[in-house]
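Worksheet: one structure, shown below.
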Amino acid sequence: FFIDEVLDESELGVTNFQTTHQVLDDGETHQLKISANFEDETQSFVYSYITNPQTPTVPLPAGLNDGINYHADSVSATLVLVAPNKSNVFVLGDFNNWTLDKDFIMNKDNDRFWLKIDDLEKGKEYIFQYLVDGNIRIGDPYAEKVSSPYDDAQIIEENRYPGLLPYPAEFASHEASFLQTSQPQFTWEAQDYVRPKKEDLVIYELLIRDFTDLRTFQAVIDKLDYLESLGVNAIELLPVMEFEGNISWGYNPSFMFAVDKFYGTENKLRELIDEAHKRGMAIILDIVLNHVFGRSPLVRLDNDPPYGAPTLENVWLNRVPKHDFNVGNDFNHESDYTKQYVDDVVTYWIENYNIDGYRFDLSKGFTQTNTLGNIGLWNQYDASRVALLKRMADVIWETDPDNYVMLEHFADNNEERELANYGMMLWGNMHGAYINAARGQTVPLDWAYHKSRGWNDTHLIAYMESHDEERTLWELKKTSNDPLDYQIQRLALNSVFFFMIPGPKMLWQFGEFGYDEELNNDRLGIKPTRWEYLEVPTRKRLFDLYSSMIKLKTRTSYLNDENFEWEAGGTTKYMWFDNPDVKISVVGNFSNETRRVTGRFINTGTWHDYFSRDEIIVSNTGHELNLKPGEFRIFTSQAIDNYLDNGYEYVLGIDSKIAHDIDLYPNPANREINIGINNPGTWVEEVFITDLNGKRVYFSNDRFYGNMNLDITSLEQGMYIITLVYKDGVTNKRLIKN
């Protein structure tokens, strides 16, 4: 037993130890140490104390920011901590052997405590904490790297953050912070990157945890070629700031300046951003500033210990949330302390990670208007909330004038319109509408278009799916027994009447190949990736269609808002683009039955099928077409690239019945084709062939099974659809006549 490093020899050799120490009340720091030996192992417990420590009052040197300030000499750093209503703060860490030392009591300047740490080893990592008023241990709220007693063991075991120092459990409790001078610098290579225009954005919402089984930044880097082939020009990463636990969506943040180490290192995130920029893709960070969770120093400085609600003295957080949708601890956005913290956070990620924009989670909560218990009131126009969001956006744009500011808002349209007209972009949830449209219901889609909401600019980010809703295909499977081909066809129809609407769009990862796992059976749990779905021809066709539509949107100017009109209300929906160069006419059958529909062509003459590239002659603008359930047609006044590498591979409509597998060969054919039925005993009741205008050019009701030879010499060269009708279903196949 040692008192101030003086050994008490009377306690040597004992196996049980108990003592009483008389506190030395002299204003000095004292240390008690117990050491125990067992065989070759020694363990020690160290306790330091000081009575009535005197905090020096010293002005904060100019030019210092809150958090860790590194100096040019690379061997010193100044720590600055905002801690209102606190008396004293000591710094404990590797650099002082985690002991209470008068040389490491922080100076005070009003609400800020500060201390310069000297004699650091250049490039060496140190772990440290603040001891506030003798009983609160916290990491630095501005720390760029966090040492966690709860999460780091798994990260080290799985080598998710190479070289990570273990948490100093012998000395610390709760989260601690890293400090390192001369940190390895990242060299940015994407010097010629040009950020996509707002109206051209197609955003891929991505959760690193569930995007691959590896769940790392590197795994996303390895998949960037896939995303480029899909055609998206922006990636929205669900929160990557340090969150509680390792298996999370990230909406439970604790340290807003630190990268969560479960996904990889800080420079690996920078590499992901740089590699995306090389491909012309923007990186948007989903960020949580409505609330913060209990491990955060902003909570623990003033809260009911250990992880209870903030006290009334907390200058950043409300003790009771102001709205019903809050989780964690609700920020007081009217507080000047919160405003400064928000400003520092949003500036930091732009300046240090070259991010292109933010998607602000639960932005409708950025208010001190108390609507708890009244969700309807929370949804109404809130002038104070509008002012707060404009103030925050101005700070972002002062740092980066073209940075995207995106809100998950869902408030009164008058409020959303004002924010959109100010330059912000807002999420537009069209999930329910598109599900019902896929079911064949009469549902308008007009709210997916900014002008339908009375907005001036294309600042509406519409989406059919997001991380918060069940998958469309899962919903379809839940309510119908239609075959997969038919349900995928309904998704395809939706996507055409989604991506072609002018304005930015968002898709949730894997929607491009018909992901269909349930969300709410384990809402926050890990979901399987299902990359194998791309090997299923039906799902691969959906991917190809998504890619074609996205590239038509992002690589051309044909989907021009100024030249756009549509009819989005009935079960037959139309779109037109009356461009000066290439005119586009689109029609889709959203009903559950085959229909003969009247086209809406802008002018007569020769039109080109976007997918097949076949020509049709339109003698009147009301040219009629036969459309199967879920069938759509895109016609252009000139032949344009459809961005399909394998030519025309898309099925134009499938009846909502069982489709039997057939062989059709040769295909393309010149004189004769052979139809082979792969289901023994299945009788074909009818066979007919239609051209791409829906005109029937062949019909037979001679029943057969097995094989049938069909003479097609009378058909003109071109593309056709051959249909086989059975008692229990229908099969459609593409036929090319040479």
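The values are calculated or read from the model by the stated rules, or taken from the named source; none is laboratory data. All figures in this text were calculated on a predicted structure; none of them were measured in a lab. Here the Cβ is made from the backbone with ideal geometry for all residues, glycine too, and neighbour counts use every protein chain on show. All accessible areas refer to the heavy atoms of the entire protein, side chains included, with ligands and DNA or RNA removed. Shrake-Rupley method; radii C 1.70, N 1.55, O 1.52, S 1.80 Å.
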With respect to PHE366, is the statement that it is farther than 15 Å from MET406 by Cβ, buried (at least 22 other Cβ atoms within 10 Å of the Cβ) and touching a helix residue (DSSP H, G or I) at 6+ places or on another chain (Cβ under 7 Å) true?
-> no
Only one residue in ILE654, ILE689, ILE634, ILE602 is hydrophobic (A, V, I, L, M, F, W, C), modelled with pLDDT of 90 or more and either within 20 Å of PHE543 (Cα to Cα) or not in a loop (DSSP other than H, G, I, E, B) (or both), so which one is that?
-> ILE634
For the range 722-735, enumerate the residues that are open to solvent by less than 20 Å² (accessible area, probe 1.4 Å) and modelled with pLDDT under 85.
-> THR723, LEU724, TYR726, GLY729, VAL730, THR731
Provide a single number: the residues in the range 605-649 that are in contact with a helix residue (DSSP H, G or I) (Cβ under 9 Å, 6 or more places away or on another chain), on the phi > 0 side of the Ramachandran plot and not hydroxyl-bearing (Ser, Thr, Tyr).
-> 1
Which listed residue, of VAL342, VAL346, is among the β-branched types (Val, Ile, Thr), touching a strand residue (DSSP E or B) at 6+ places or on another chain (Cβ under 9 Å), closer than 17 Å to ARG385 by Cα and not in a loop (DSSP other than H, G, I, E, B) = VAL342
Quick one: which of ASN709, ASN738, ASN667, ASN678 is closer than 27 Å to PHE513 by Cβ and at pLDDT 85 or above?
-> ASN667
Working only within the range 269-297, note down all residues that are among the polar types (S, T, N, Q) and within 18 Å of the chain's Cα centre (by Cα).
-> ASN290
Only residues that are open to solvent by less than 10 Å² (accessible area, probe 1.4 Å) and free of Cβ contacts under 8 Å to residues at least 60 places away in the same chain: list them for the range 282-304, please.
-> VAL292, VAL299
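Within the range 531-540, can one find any residue that is in contact with a strand residue (DSSP E or B) (Cβ under 9 Å, 6 or more places away or on another chain) and not in a strand (DSSP E or B)?
No; the residues of the range 531-540 include none that is in contact with a strand residue (DSSP E or B) (Cβ under 9 Å, 6 or more places away or on another chain) and not in a strand (DSSP E or B).
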Name the residue, out of GLU562, GLU512, that is surrounded by fewer than 22 Cβ atoms within 10 Å (Cβ to Cβ) and acidic (Asp, Glu).
-> GLU562
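For residues that are within 30 Å of ASN421 (Cβ to Cβ) and either open to solvent by less than 10 Å² (accessible area, probe 1.4 Å) or acidic (Asp, Glu) (or both), tally how many sit in the range 183-230.
Final tally of qualifying residues: 8.
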From ASN332, ASN314, ASN326, ASN318, residue being within 17 Å of MET392 (Cβ to Cβ) and open to solvent by less than 70 Å² (accessible area, probe 1.4 Å) = ASN332
All conditions in (1) buried (at least 24 other Cβ atoms within 10 Å of the Cβ); (2) closer than 29 Å to VAL299 by Cα; (3) more than 14 Å from the chain's Cα centre (by Cα) are true of GLU236 except (3)
Report, ordered by the first and then the second residue, all pairs with beta carbons closer than 6 Å, sequence separation of six or more or different chains, a first member in the range 474-491 that is over 15 Å from GLY432 (Cβ atoms) and in a helix (DSSP H, G or I), and a second member that is open to solvent by 30 Å² or more (accessible area, probe 1.4 Å) and at pLDDT below 95.
-> ASP485/ALA659; TYR486/SER656
Residue hits (the range 171-183; under 30 Å from the mean Cα position of the chain (by Cα) and either modelled with pLDDT under 95 or part of a loop (DSSP other than H, G, I, E, B) (or both)) are HIS174, GLU175, GLN183
So ILE273, is it over 27 Å from LEU559 (Cβ atoms), of a type in the set (Val, Ile, Thr) and touching a strand residue (DSSP E or B) at 6+ places or on another chain (Cβ under 6 Å) | yes
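One line per residue, one yes/no per condition, for (1) more than 45 Å from the chain's Cα centre (by Cα); (2) modelled with pLDDT under 90:
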| position | (1), (2) |
| --- | --- |
| GLN18 | yes, yes |
| ASP26 | yes, yes |
| VAL46 | yes, yes |
| PRO53 | yes, no |
| PRO61 | no, no |
| LEU64 | no, no |
Residue in the range 142-170 that is least open to solvent (accessible area, probe 1.4 Å), counting only those that are touching a strand residue (DSSP E or B) at 6+ places or on another chain (Cβ under 7 Å) and assigned to a loop (DSSP other than H, G, I, E, B) | ALA143
Any residue in the range 114-138 that's more than 9 Å from VAL89 (Cβ to Cβ): show its pairings with residues that are polar (S, T, N, Q) and open to solvent by 40 Å² or more (accessible area, probe 1.4 Å) at Cβ separation under 8 Å, as long as the two are six or more apart or on different chains.
-> LYS122/SER182; GLY123/SER182; GLY123/GLN183; ARG137/SER173
Consider PHE577 against the criteria (1) crowded, with 21+ Cβ neighbours inside 10 Å; (2) within 25 Å of ILE435 (Cα to Cα): it satisfies all of them except one. Which criterion is unmet?
-> (2)
If you go through the range 399-411 one residue at a time, do you hit one that is open to solvent by less than 70 Å² (accessible area, probe 1.4 Å) and free of Cβ contacts under 8 Å to residues at least 12 places away in the same chain?
-> no
